[in-house]
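The block underneath contains the structure these notes are about, expressed in structure tokens.
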2 protein chains.
Amino acid sequence: MAEATPIRPLSVDQVQAWDHEADVVIAGYGIAGVSAAIEAARAGADVLVLERTSGWGGAAALAGGFIYLGGGTPLQQALGFEDSPENMKAFMMAALGPGADEEKITDYCNGSVEHYNWLVDNGVPFKESFYGQPGWETPYDDGLMYSGGENAAPFNTVATPAPRGHVPQMTGKRTGEKGGGYMLMKPLVETAEELGVRHEYDMRVQRLIVDGNQVVGIVAKHYGKELAIRARTGVVLATGSFAYNKEMVQAFAPQLIGKPGASIEEHDGKSIQMAQAIGADLAHMDATEVAFFGDPQLMARGILVNARGQRYVNEDTYPGRIGQETLLRNGNQAYLVIDEAAYEEGCAADSSTPFFRFQPKWVAETVEELESDMGLPAGTLQATVEVYNRHAANGEDPVLGKKAEWCKPIGSPVAALDLRNFTAGFTLGGLRTTINSEVLHVSGEPIPGLFAAGRCTSGVCAGGYASGTSLGDGSFYGRRAGISAAKG
Amino acid sequence: MAEATPIRPLSVDQVQAWDHEADVVIAGYGIAGVSAAIEAARAGADVLVLERTSGWGGAAALAGGFIYLGGGTPLQQALGFEDSPENMKAFMMAALGPGADEEKITDYCNGSVEHYNWLVDNGVPFKESFYGQPGWETPYDDGLMYSGGENAAPFNTVATPAPRGHVPQMTGKRTGEKGGGYMLMKPLVETAEELGVRHEYDMRVQRLIVDGNQVVGIVAKHYGKELAIRARTGVVLATGSFAYNKEMVQAFAPQLIGKPGASIEEHDGKSIQMAQAIGADLAHMDATEVAFFGDPQLMARGILVNARGQRYVNEDTYPGRIGQETLLRNGNQAYLVIDEAAYEEGCAADSSTPFFRFQPKWVAETVEELESDMGLPAGTLQATVEVYNRHAANGEDPVLGKKAEWCKPIGSPVAALDLRNFTAGFTLGGLRTTINSEVLHVSGEPIPGLFAAGRCTSGVCAGGYASGTSLGDGSFYGRRAGISAAKG
């Protein structure tokens, strides 16, 4: 094969021979890739998936497995929760912006019930069980949970709260290692293989092959050798985020420098760059999911304060929102102030993240002593606790809207957990795509032959995040990419 | 000329005849364009500037005129301020990040004294006079001022404070209409014209003309007709920010939706897109300057609180930092709480922005009444004022580090100004360039024949901002662009 600078496209007239051929060639065998593969195969295409590692799964297989679905899914209905596409959209537009893609969110909400059924039809199991405790995930095999702060301030007044975190049923889960995401991927991969989808592992995609403006293939490295792979009708990019590309993080999402999380090292942004090299447009490159290493059962029972001793988020909301507020708007500085009784109660409660139950760093008889021990300016934490307690005594939190059930005055002895610099995350920005998963050129026109889905694209999240939106839009728009790529 | 989709590059073999030719063709006659023109002409190039409007100036001519310079400029020295490139760099890295381009900032600081001399040699006048009052600008014709919070917390402990806002001398200035920026542009344009730089007005650049990977010209519309302009050695893009491109703002900097400011409508991002179309890389597309419509003389004398009644920024810092903290980290919600004596004192003080001295919306005898009138949760503002007053009585602000001279307990009667949703700004992200103003391809290599400077590039600012950095890096890297483009 002719020499070409990595990332820059290779002109088809430089290709001497094709090493592999298929109608649809998909880069990445995570959630977006497998969803694209199934739909492309069902549309009659010969499908080849190229995967960089030695097996399917991607970040998806390691994820907790939330898939953000709603609008009245059979699971929501069976468990007694009312929802509609309009209600779902109202929440998503409020929680995932500013700048969220309204066309995409509308489309996603309208198609959500169908997408749930598609997952079930392809073998993804959901248990008819709702988990209502504060938590990053359910510690059990429940199928439904709040996963974006739908039932917490400020969103509980924007839309009727409905849980939309749908979790594939999984026994013997190990958080962060083998969770619902595995039970999402496994049946989908089995379905794909039953449909005749082929795969090639240990293939690192390098650059696109173009015929004028048309994408007609992709170059991949296989054990150091560059191979030319022909895509007769379309290439689908589905290789994940750029959380592990240090230079891109520095240039676009510097708040995540040194703290990639809930991602995998293969998320190197290469697909984004290969497409940029042929004029693909980008969106929301600064957007980031932010995990926060606090246990929700403890957080809901205490107050989170920043480096000035001020509360800044309702502690009973989606912990990923707490993460964003902490990292992006409070300098990554957080302390959890909690009294002994609440700490013990929280530690005794259900949790999927007991490893986030750290020992308090400071314990004192009074808030004044605690404040002094923590090195906070005199009066600051005292003022915060006084205001909190004054209203909590009435079961109210007019400052941040924590729900009445969690509003209890902070008593004595009182402790503080040091949660400073306790965040990590992955990037949400990427290629700009249509609702048919066409990659948009900066001119505003689709690039012929090029499709993308998953975290190498900008999906339903712009500023905010809800757990399940990545597996959600990855699978939803992965399917669309497969359908579009099969048509060519 | 052959048809081509707007923004997409035009291949040189599609050009039937050149309508204009020059060695160096510069798009945009603002600060970056004129600086490029001068240096290219001095390097012996035949230079043509294409300007969309009917005259030179761009956003620069409307600006207050701060140029961010330091490291020991003759003006700093004459006025008794010590500075060094290392000290300047320490401040800039701390204040303009996260993610600031260290190579660019180092280079900028090292070249700053020479750049000051270059401006003076080209006729830009600076008066040996320092203005030390809080203010967006000097209301007079002083040549030097703090313009980035160098002498305020938290940066006053990171580097030795030195004022670096250098303002061209201007009599009869009218803030926002004709200020120091005009007196920066005028002598530079005169210098350029003396050097034989040609210009063509009413020319809207449309797309780049390429010969393979090499940029060899640009297409511009002149009263509806598309013209092909040949650049024998280089094209320089210098057309400003994308603050007025709604779609780009939505996709990259949605916090600015509906509030472009301190910019001009011509800032449509077109240069960024034309370069993206040939694979140019981007950086820090979310970064934004944020102006805040508060008078610094009033702000320093009161306390700014957010919608929770909490302080969030030292009120005596650079007002652009107050703007960023308000819009980006406090939901664009701000109130200025100030007692009557301080309000009157502030209104009597010097200001370049007396039109930002709004009447209080609420006035009360006690903070408790004020808090209630403002609709803040009971106890919140009282707690904030109590803590503030407790330390202000000792001339201290351990919470946010306001300087002792501004720390006075808030007395009675007390008022609040409603400063909610009082921000606007322009974008700071754009093309990724080297310190020689070469536009980088996403592959990491410079694009042959293409150079850029000013606000269509990502310059010295990533997250933060200091007044003068736009005219500063626009002129500094404009010069480099001219030098590089003349070499080809």
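Could you tell me whether A:Thr427 is closer than 23 Å to A:Gly464 by Cα, within 29 Å of the chain's Cα centre (by Cα), crowded, with 24+ Cβ neighbours inside 10 Å and away from chain B (no Cβ under 13 Å)? When the stated conditions are applied, A:Thr427 does not pass them.
Residues in the range B:387-406 that are crowded, with 19+ Cβ neighbours inside 10 Å, out of contact with any strand residue (DSSP E or B) (no Cβ under 8 Å at 6 or more places or on another chain) and within 14 Å of another protein chain (Cβ to nearest Cβ): B:Val387, B:His391, B:Ala392, B:Asp397, B:Lys402.
Sub-7 Å Cβ pairs linking a first residue in the range A:244-260 that is at the interface with chain B (Cβ under 10 Å from one of its Cβ atoms) to a second residue that is of a type in the set (S, T, N, Q) and open to solvent by 50 Å² or more (accessible area, probe 1.4 Å), at least 6 apart or interchain, are A:Ile257/A:Gln250, ordered by first then second residue. Looking across A:Gly99, A:Gly70, one residue alone is surrounded by 21 or more Cβ atoms within 10 Å (Cβ to Cβ) and within 12 Å of A:His166 (Cβ to Cβ). It is A:Gly70. Of the residues that make up the range A:462-469, is at least one open to solvent by less than 10 Å² (accessible area, probe 1.4 Å), within 12 Å of chain B (Cβ to nearest Cβ) and either of a type in the set (D, E, K, R) or outside any helix (DSSP H, G or I) (or both)? Yes: the range A:462-469 contains one or more residues that are open to solvent by less than 10 Å² (accessible area, probe 1.4 Å), within 12 Å of chain B (Cβ to nearest Cβ) and either of a type in the set (D, E, K, R) or outside any helix (DSSP H, G or I) (or both). Of the helices (runs of 4 or more DSSP H) that lie entirely inside the range A:68-150, those containing 1 or more residues that are within 14 Å of chain B (Cβ to nearest Cβ) span A:85-95, A:102-110.
If only residues of the range A:478-488 that are open to solvent by 10 Å² or more (accessible area, probe 1.4 Å) and at pLDDT 95 or above are counted, the one that is nearest to A:Glu102 (Cα to Cα) is A:Arg480. Looking across the range B:430-446, the residues that are assigned to a strand (DSSP E or B), open to solvent by less than 20 Å² (accessible area, probe 1.4 Å) and away from chain A (no Cβ under 11 Å) come down to B:Gly430, B:Leu431, B:Thr433, B:Val439.
From the set of residues in the range A:266-277 that are more than 7 Å from chain B (Cβ to nearest Cβ) and part of a loop (DSSP other than H, G, I, E, B), which is most open to solvent (accessible area, probe 1.4 Å)? It comes out as A:Glu266. Scan the range B:282-300 for residues that are open to solvent by 10 Å² or more (accessible area, probe 1.4 Å) and touching a strand residue (DSSP E or B) at 6+ places or on another chain (Cβ under 6 Å) and jot them down. Matches in the range B:282-300: B:Glu289, B:Ala291. Could you tell me which residue of the range B:278-300 is nearest to the other protein chains (Cβ to nearest Cβ), considering only residues that are closer than 24 Å to A:Gly97 by Cα and outside any loop (DSSP other than H, G, I, E, B)? Within the range B:278-300, the match that is nearest to the other protein chains (Cβ to nearest Cβ) is B:Ala283.
Would the range B:345-367 turn up any residue that is of a type outside the set (Gly, Ala, Ser), within 13 Å of chain A (Cβ to nearest Cβ) and over 29 Å from the mean Cα position of the chain (by Cα)? Scanning the range B:345-367, I find at least one residue that is of a type outside the set (Gly, Ala, Ser), within 13 Å of chain A (Cβ to nearest Cβ) and over 29 Å from the mean Cα position of the chain (by Cα), so the answer is yes.
Table: residues versus (1) open to solvent by 10 Å² or more (accessible area, probe 1.4 Å); (2) more than 30 Å from B:Gly444 (Cβ to Cβ); (3) in the same structural domain as B:Ala45 (by TED's automatic domain parsing); (4) more than 18 Å from the chain's Cα centre (by Cα).
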position: B:Thr160; (1), (2), (3), (4): yes, yes, yes, yes
position: B:Val167; (1), (2), (3), (4): no, yes, yes, no
position: B:Gly172; (1), (2), (3), (4): yes, yes, yes, yes
position: B:Gly180; (1), (2), (3), (4): no, yes, yes, no
position: B:Met183; (1), (2), (3), (4): yes, yes, yes, no
position: B:Lys186; (1), (2), (3), (4): yes, yes, yes, yes
position: B:Ala192; (1), (2), (3), (4): no, yes, yes, yes
position: B:Glu200; (1), (2), (3), (4): yes, yes, yes, yes
position: B:Gln214; (1), (2), (3), (4): yes, no, yes, yes
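No other residue among A:Ser241, A:Ser263 is closer than 17 Å to A:Ser470 by Cα, more than 14 Å from chain B (Cβ to nearest Cβ) and open to solvent by less than 10 Å² (accessible area, probe 1.4 Å) apart from A:Ser241.
One residue stands out among those in the range A:301-341 that are of a type in the set (A, V, I, L, M, F, W, C) and surrounded by fewer than 23 Cβ atoms within 10 Å (Cβ to Cβ): the one that is nearest to the other protein chains (Cβ to nearest Cβ), which is A:Leu328.
The values are calculated or read from the model by the stated rules, or taken from the named source; none is laboratory data. As the structure is a computational prediction, the values presented were derived from the model and not from experiment. Using ideal geometry, Cβ is built from the backbone for each residue, glycine included, and neighbour counts are taken over all protein chains shown. Protein only, heavy atoms only, side chains kept; ligands, DNA and RNA dropped before computing areas. Shrake-Rupley method; radii C 1.70, N 1.55, O 1.52, S 1.80 Å.
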